[in-house]
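Following: one structure in structure tokens, then a few remarks.
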Amino acid sequence: MDKLIIRGGKRLSGTIPISGAKNAALTLIPCALLTEEAVTLRNLPRLADIDGFQHLMTQFGVSHTIPGKRPEDFGRNVTLEAMRITSSVAPYDLVRKMRASILVLGPLLARTGEATVSLPGGCAIGNRPIDLHLKALEAFGAQIELAQGYVKAIAPDGGLPGGDFDFPVVSVGATENALMAAVLCNGTSRLINAAREPEIVDLCNLLGAMGAEIEGIGTSELTIHGVKKLHGATYRVMPDRIEAGSYACAAAITGGEVRLEGADAGDMGSTLHALRNIGVEVETDKLGVNVAARGPLKAHNLTTAPFPGLATDMQAQLMSLLTRAEGTSVLKETIFENRFMHVP
Ligand code: UD1
């Protein structure tokens, strides 16, 4: 079994470079399925989930090459090329290891007219259904069947017409799947109450670089004018706002001082606001964020919410920090029903 051995009692201080965002990378990689041409992603984080997703892509006939590194590159670079899609089936064995595998459904369907993806199954932080992913694709004209643990999505002859979908709940993954399908629909699609997390903006920017036509980027209403074909692109993955926020909390817990090199303060508004309210000093500039915990920490109440609200992915780290504060803090989780597993 893997284990982490932590010898505590030290102040964390120094400078740390921030990796490319995992949650952005997991939606940028499947974009390679949307074109015959090569898509090069720079600044991919070095994580098992990224390796797993690249492995899943080979299942569909996508080739990988490593285009070399520049001295300033911190993460990994990879070129993905889906000249021909050789299979549009994502099997259980690969999907069960990583929930984000469901993000191949939209692009495979849009490119080939059909996709068969294993249902992701349960997950440690709650039920995490995929009903909204399926309903959005249905709104674009797909026929969806569920059988033997698999979702099969089929487009009408001539491709998906496109359509409008109003999300009853804000969903990052469902917005991503819908966007990746909508860009190759025959007509115009509208996503209402769409997620507007920075990772969605990153996805829209890559799709735009590939020739997609998307209006309303960064807002909760996206209009996508489908195009016949997309082309290749080279794209740098955004910095990971959750990794940066986690290091900030870790440093603050120890009364430390860190520079988060490459962190984008613009994407971290709610986390930085919470840190300041807790009594942590935060300074931002174009190239990163500095965090220092010099004085006593103060209690603060927090509620998670879709972006621009406080990210649920920062809740556990901020709770850990608040255990060191004077007074009582109340934390409320509104995104996932089972996300207090760190409390015991
Ligand atoms: C993504 C992030 C995850 C983050 C979460 C919320 C990735 C790979 N993961 O997860 O780190 O914690 O956003 O910011 O990007 N829901 C439905 N039906 C659906 C889909 C979602 O009811 O079809 C519900 C979920 O149960 C949850 C809420 O919508 O209560 C938000 O989930 P969603 O935004 O979809 O999270 P993920 O995309 O899975």
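Here are the numbers:
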{"item": "Verdict on G52 being on the phi > 0 side of the Ramachandran plot and either free of Cβ contacts under 8 Å to residues at least 60 places away in the same chain or away from the ligand (no atom under 16 Å from the Cβ) (or both)", "result": "no"}
{"item": "Subset of segment 286-295 [out of contact with any Asp or Glu (no Cβ under 6 Å at 6 or more places or on another chain) and over 19 Å from S270 (Cβ atoms)]", "result": "K286, L287, R294, G295"}
{"item": "Top-ranked residue in segment 108-132 [being within 11 Å of the ligand (Cβ to nearest atom) and part of a helix (DSSP H, G or I); ranked as modelled with the highest pLDDT]", "result": "L132"}
{"item": "Where a residue in segment 240-264 is on the phi > 0 side of the Ramachandran plot and its partner, wherever it lies, is part of a helix (DSSP H, G or I) and buried (at least 23 other Cβ atoms within 10 Å of the Cβ), with Cβ under 9 Å and at least six apart", "result": "G262/A244"}
{"item": "Looking only at segment 190-217, and only at residues there that are small (G, A, S) and within 16 Å of the ligand (Cβ to nearest atom), the one that is nearest to the chain's Cα centre (by Cα)", "result": "A195"}
{"item": "Count of residues meeting criterion [within 11 Å of the ligand (Cβ to nearest atom) and either part of a helix (DSSP H, G or I) or surrounded by fewer than 19 Cβ atoms within 10 Å (Cβ to Cβ) (or both)] in segment 138-175", "result": "7"}
{"item": "Any hit, segment 181-194, residues being in contact with a helix residue (DSSP H, G or I) (Cβ under 7 Å, 6 or more places away or on another chain), farther than 16 Å from H225 by Cβ and part of a helix (DSSP H, G or I)", "result": "no"}
{"item": "Matching option when the condition is buried (at least 17 other Cβ atoms within 10 Å of the Cβ) and of a type outside the set (K, R), among G75, G61", "result": "G75"}
{"item": "Qualifying positions in segment 228-237 - within 15 Å of M180 (Cβ to Cβ) and surrounded by fewer than 16 Cβ atoms within 10 Å (Cβ to Cβ)", "result": "K229"}
{"item": "Neighbours by Cβ (under 9 Å, 6+ apart or cross-chain): first from segment 8-20, of a type in the set (D, E, K, R); second assigned to a loop (DSSP other than H, G, I, E, B)", "result": "K10/T254; K10/G256; R11/T254; R11/G255; R11/G256"}
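The values are calculated or read from the model by the stated rules, or taken from the named source; none is laboratory data. Note that this is a predicted model, so its numbers are computed, not measured. Backbone-built Cβ (ideal geometry, glycine too); neighbour counts: all protein chains shown.
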